[in-house]
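All remarks here apply to the structure that follows.
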Amino acid sequence: MPAARRRGPYGPRVEHAQLAWPEGGGIMLGSVKEAENDRWPLRPGTFGGYVVTDRPDELCARARAAGAEIIAEPADTDYGSREFGARDPEGNLWSFGTYR
């Protein structure tokens, strides 16, 4: 059965799950949101990734200079991270930030 149709012990949605390791970083997972104001509007079959960096502003400038579409300018979050977002040429979404 596809993961989106399985029902876990807390219901059919995954609001947030994170796979992490001691060196930092990891993979964050969540279910599709059906909201027009979704900041991360991905549908099954597309990709969005988060990459930890200590220099998000420098990385954003490099990505922009290389032709990346910046979809969220560098900004501080309410959980203490400095982040920006970009879309790659294939339409995948990437978020880069200091949150480990």
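The values are calculated or read from the model by the stated rules, or taken from the named source; none is laboratory data. As the structure is a computational prediction, the values presented were derived from the model and not from experiment. Cβ placement follows ideal geometry from the backbone for every residue including glycine, while neighbour counts extend to all protein chains displayed. Each accessible area value is taken on the protein alone, full model and side chains, heavy atoms only, with ligands, DNA and RNA left out. Shrake-Rupley method; radii C 1.70, N 1.55, O 1.52, S 1.80 Å.
For the reader, a short list of remarks on this structure follows.
- Residue count, the range 81-100 (criterion: open to solvent by 40 Å² or more (accessible area, probe 1.4 Å), modelled with pLDDT under 95, under 23 Å from A20 (Cβ atoms) and not hydrophobic (A, V, I, L, M, F, W, C)): 3
- Evaluation of G67 against (1) at positive phi; (2) at pLDDT 90 or above (one fails), failing number: (2)
- Filtered residues of the range 63-80 (kept if loosely packed, with under 14 Cβ neighbours inside 10 Å and within 13 Å of W94 (Cβ to Cβ)): A66, E69
- Residue among D57, D38 that alone is modelled with pLDDT of 75 or more, surrounded by 10 or more Cβ atoms within 10 Å (Cβ to Cβ) and part of a loop (DSSP other than H, G, I, E, B): D38
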